[in-house]
Structures are given as structure tokens and as C-alpha cells.
Amino acid sequence: MVLQGGRVIDPSRDLDEPADVLIQDGKITAVGRGLTAPDGALVRNVKGRIVAPGLVDLHVHLREPGNEDEETVASGARAAAAGGFTAICAMPNTDPVTDNQAAVGFIVRQSGLAGLARVHPIGAVSIGQKGERLAEFGEMVSAGAVAVSDDGKPVVSSHLMRTALEYARTFHVPVADHCEDPTLAAGGVMHEGLVSTRLGLKGIPAAAEEIMVARDVVLAELTGGHVHLCHMSCRGSVAIIREAKERGIRVTAEVTPHHLTLTDYACEEYDTHAKMNPPLREAADVAALRGALKEGVIDCIASDHAPHAYDEKEAAFDDAPFGVVGLETAFAVAHTELVESGLFTLPQLIRRMSTDSARVFHLPGGGGTLAPGSVADVAVFDTTAKWSVDPAAFHSKSRNTPFTGRALTGRAVLTIVAGTIVHEL
């Protein structure tokens, strides 16, 4: 296949220029101007479009096994491909929990059967995510796990977190932590502040996140392990991460499109589609997160795609589950709010959604690059396409988005995994 006449953006090589991309046998063979298509090659004219490494999402909940009515590996991988993602990492809070070799192998097999975006399993830190005994990291990594996490729950025990960081270091994988002090957050349903007070809802203070971020940083320094901080939401966390990186501690962090673009005011109508954990914070937090992402203090954007059934989210705000879907809107939301506003350049955004994501988890098979010889995971974007979010059109099985009706600019029109087209608009 030859992708002809597009603007090629490859942050892994600081490349941004008009060029053709030649794909053969599932690999990138050449990138350059005026490439000659081999006999029998499929030639796609992508003039006026952006050709980039496929996006990589380090934080996705796929609900299989256990809640296949909300999402499956196949439906999640289909939604990912529609969003321009060629690889996603599946969190282990399934039912049963992905805490052993067989469970990790199941996710790998389901991904292979779907044949869409790659799905990399994340194994649990503790057996059953109970926070008591470590799962067998080595067996899970050998089966295909790319990280360990109890996401959905924090690793409360500092002793267990220390042991996890030491053990994970042996297998060269990060420990991804949901940073929340459960005693401070207990019963909270949104950010603690003026809006929660006015709505009469119990709040979750920013300190609940910051305390655990600080603890994880201290333990990463103690062990030399790699801690990855999930879905950062507040400015205090940014300050801690910045200092930790300046001191050379092995810490990486992610932020979601909704935490980059929405505040706690989105909850004002008791809209459960704005209920997520960590909660939406204040405008000053959004500004700090944007700045940290641009600087590289926060390494990448991850969707924290968390599907829920319609009737669950239709409950009272206190009773509704946390979480929103995001695979199909992540790029467009970030592009509209960050690039169209002039805050980020397009190459900077692609770096934070592809190249740096693949680097943080050292994903097998690579990704995040269009260098010749690398796997042909490619996304083609129309950054001029204007559309509005219609949850009924999602490929995901769930519809719980805070962006319904939002006018956006930019979307994936072609997604290629290992040289095979898996999505075309």
C-alpha cells in the first residue's frame, strides 16, 4: 500500500513534511516524496490529510470478561480503530479480575480474534484487586501483560506498593496506580469545591489524589521502580511530578481529554455523564494540566474509556457509577480544544497521543513511529472535518459521554494496523 501526497507527521523523528508512505508486509518500507508504487500496490490518495503513527491509549476499560453488555474486547478495539488508535491497553478490573496468566492470555486471544486495534493486557497488582497479596507478575508478563495496575482502586498499602515496584522492576514493566486516598475520598461523588457545596453533593478533595501521588513518588525513589500515575486531575499533583522528574525519579503520568477540557461546572445539572473518578476539577487545575502536558511533565493523553450501561448512568448522581467513554472522541476533543486554540501544535498533540504513549509502556511491536522497518500502525486524519458528537453513532457498546452534541474538528478517516485497514470513514 502507498499513502500518497499527505502531510506526514512523525514525532519520533521530528518529521513534518509532505511525503508518501510505502507499506509492505505489514511494515513501513519507505517515507519520502515521489515514491514509486510497486506493481499491484494499493495506492491511496491522502492529499490534504495528516499521516501519523497510530494513536496509543494506555488506559482503557473493556469490561470483558464479566460485563460484555457494556463493552467487549472486540467492540472496544473497533471503537479504538474508529478513533485513530492502533493500540490500547486494557485495565484488569474485569470479572473475574485479570490477575493471572490464563486471564491475560484470554485478552490476547480475544484481541487476535477481533483483528482490529491491538489490545495489550494490563495485569492486576494484587490477587482479585483486593490489595492484600501480589499477583504473579512474571507469569502475566510472559503471557503478554505490558504493565500492572489495580486501577479502579488505589494500592492502599504502602508496603504492597513498595513490593510491587520492586517486583515489577525485575520484569521491566511499570506499576500504574490510581492515586486516591480512600479515607479522604470516601462517599465523595465530585470535586470538593464551590459547585459541590451548591449542589449539596459530597466532594472529593484534590488532596486525596496529591497524597497518593507524593507517596508513590517517594516509593519509586526508594525502589528505583517505574511508577505510572493514572489520570492526573489537579495542579498539586503536577507540582509533585515536576519535582520528581527534576530529581530523576522514574515517574510517568497521563491525563484524560475530559480533565484537559472540562471543569466541575459540567456537573451543575446533576449530569451523571460528568461523573468520573478522579472528578473534574477547577479551571486552575485544567490550566496546570495543559501546561504540564505541553512541557512533558505529564507524558501523554489517555482516554480512561469506561463504558457503562444506560440505566446505570440514569440513576441519581450519588448512585450512578463513575466513568465516561472516550476512544472515539479523544483525538477530536484534544485537537479542537488544544490545537485549534493555538495552545499545542499538531505534532505536539500526536507526540503526546502516540509516540510518548508507546515509549512510556515500552509496547511490544513498537508503535508511535513511522520509521522504515517499524510496524505499519498508521492513522490518517482529516483535521478540517467538522462533526458533532452523536453517541448513537458510536462503535462502543456504551454511550456515556460528557460531550454529546459538542461541535468538534478533526477525526480519523483511515486506521491501519500491521498494514491492514481496520477502519475507514
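How tilted is helix 158-170 with respect to the longest principal axis of the chain? Cα atoms for both, answer in degrees (0 to 90, nearest 10).
30
Compute the acute angle (0 to 90°) between the alpha-carbon long axis of helix 235-246 and the principal axis of greatest extent of the alpha-carbon atoms of the chain; round to the nearest 10°.
Long axis of 235-246 versus the principal axis of the chain: about 70 degrees.
Describe numerically, in nm with one decimal, the distance between label points set 7 Å from Cα along Cα→Cβ at E68 and at A207.
4.7
Students often get this wrong, so check it: of K245/K294; K202/K313; K313/K397, which have C-alpha atoms separated by over 21 Å?
The pairs that break the limit, which is 21 Å between Cα atoms, do not exist here.
Taking the alpha-carbon distance from K386 and a cut-off under 18 Å, which aspartates and glutamates remain once sequence neighbours fewer than 8 residues away in the same chain are dropped?
Within reach: E328, E337, E340, E424.
So who's got an amide H within less than 5 Å of the one on H191, skipping anything under 5 residues away but keeping other chains? H placed 1.01 Å off N, in plane.
I204, L280
Residues in segment 97-131, backbone N under 11 Å from the label point at S142 (7 Å along the Cα-to-beta-carbon vector): list them, ranges by number please.
What the label zone holds, given the 11 Å backbone N cut-off, is 101.
How many angstrom separate the Cα center of segment 145-172 from the Cα center of segment 276-327?
Taking the Cα centre of segment 276-327 as reference, the centre of segment 145-172 is 22 Å away.
Among Y270, Y167, Y310, what is the fewest-to-most ranking by other Cβ atoms within 10 Å? List each step's numbers first, then the result.
Values: Y270 15, Y167 20, Y310 11.
Fewest-to-most ranking of Y270, Y167, Y310: Y310, Y270, Y167.
Restrict the search to segment 320-425; then list the GluC sites (Glu not before Pro) that DSSP places in a loop and that have at most 15 other Cβ atoms within 10 Å of their Cβ. Mind dumping the intermediate values first?
Working: sites: E328, E337, E340, E424; in loops: E328, E340.
Sparse-neighbourhood loop GluC sites (Glu not before Pro): E340.
Run the numbers for E246 and A37: contour at 0.36 nm per residue of separation, minus the present Cα-Cα distance, in nm.
70.5 nm
Report ³J(HN,Hα) in whole Hz for each residue of segment 210-224, in order, from the Karplus equation J = 6.51 cos²θ - 1.76 cosθ + 1.60 where θ = phi - 60°; Gly and Pro get x.
Residue by residue, segment 210-224 yields 4, 4, 6, 4, 4, 4, 5, 5, 4, 6, 5, 5, 4, 9, x Hz.
Please order V238, V227 by the number of other Cβ within 10 Å, starting at the fewest. Show your work: numbers first, answer last.
Values: V238 25, V227 29.
Ascending Cβ contact count within 10 Å gives the list V238, V227.
Which order do V218, V31 fall in if you start with the one that has the fewest other Cβ atoms within 10 Å?
Listed from fewest to most nearby Cβ atoms, that is V218, V31.
Between E166 and R109, 0.36 nm times their residue separation minus their Cα-Cα distance comes to what? Working shown, then result.
Values: separation 57, 0.36 × 57 = 20.52 nm, distance 2.91 nm.
Separation in residues times 0.36 nm, less the Cα-Cα distance, equals 17.6 nm.
Within segment 10-74, report the GluC sites (Glu not before Pro) that DSSP leaves as loop and that have at most 16 other Cβ atoms within 10 Å.
E68
Using alpha-carbon positions, what is the distance between the centroids of segment 364-413 and segment 62-117, in Å?
18
Would you tally the net charge around F394, using a Cβ to Cβ cut-off of less than 11 Å, leaving F394 out, and scoring K and R as +1, D and E as -1?
Result for the neighbourhood of F394: 0.
Once R0 is set to 41 Å, what does the formula 1/(1 + (r/R0)^6) return for the Cβ-Cβ distance between L15 and A407, expressed as a FRET efficiency to the nearest 0.05?
0.85
Residues of segment 274-301 with amide nitrogen under 16 Å from the 7 Å Cα-to-Cβ point of L343?
280-301
Using the Karplus equation 6.51 cos²θ - 1.76 cosθ + 1.60 (θ = phi - 60°), what ³J(HN,Hα) coupling, rounded to whole Hz, does each residue of segment 96-111 give in order, writing x for Gly and Pro?
x, 5, 7, 10, 8, 4, 5, 5, 5, x, 4, 5, 4, 5, 4, 5
In a Gaussian network model over the chain where Cα atoms closer than 10 Å are linked, find which of D285, D264, D390 has the largest mean-square fluctuation.
Among D285, D264, D390, the largest mean-square fluctuation in the Gaussian network model of the chain belongs to D390.
FYI, it's all coordinate maths here, none of it is from the lab. None of the values given here were measured: they were computed from a predicted structure. Note that each Cβ is placed from the backbone with ideal geometry, even for glycine, and that neighbours are counted across all protein chains shown.
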